[in-house]
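Input: a single structure, listed below in structure tokens.
We did not get these values from a lab; they are worked out from the coordinates using the rules stated. Treat the numbers as computed from the prediction; the structure is a model and nothing was measured. Here the Cβ positions follow ideal geometry from the backbone for every residue, glycine too, while neighbour counts run over all protein chains shown.
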Amino acid sequence: MTLQTLVNVTNQLFHPIHFNTEPFSLALVAVGLVILFLVAVGGIAYGLFKAVKSVPNLTTKQFILFLLLIAVALVVIGVLLP
């Protein structure tokens, strides 16, 4: 659903009471984006906590694989950013 479709639907719903719905539609989209951002940050924080907690219990081979995965992730991020 596009933002314009949401504006049209809310205009139809609130037209009888003469309520300007465009700011309301933008507020709903903004709140949705903030909730998605908070869920993503919480998931990343939880994953990092679990990773840091398990590092001291790794064997040498697992630790080297862990470092290799971090290096590959950084290279991929470095390639995708520009």
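Worth pointing out:
- With Cα atoms, 0 to 90° folded angle of helix 22-54 axis to the chain main axis: 10 degrees
- Taking the longest Cα principal axis of the chain as reference, the axis of helix 3-14 is set at about 40 degrees.
- Sum of -39500 (n - 2.57) over DSSP H runs of 4+, divided by residues of the chain (222 nm, nearest 500): -28000 deg cm²/dmol
- Nearest-ten-degree value, helix 60-80 long axis tilted from longest Cα axis of the chain: 40 degrees
- For P(r) over Cα pairs in 5 Å bins from 0, in percent, calculated from these coordinates, the label among [x] 3, 12, 11, 12, 11, 9, 9, 7, 7, 7, 6, 3, 2, 0; [y] 3, 13, 22, 23, 17, 13, 7, 3, 0; [z] 3, 16, 19, 15, 12, 9, 9, 6, 5, 4, 2, 0: [x]
- Förster radius 41 Å - calculated FRET efficiency between LEU33 and ALA71, Cβ distance, rounded to 0.05: 0.80
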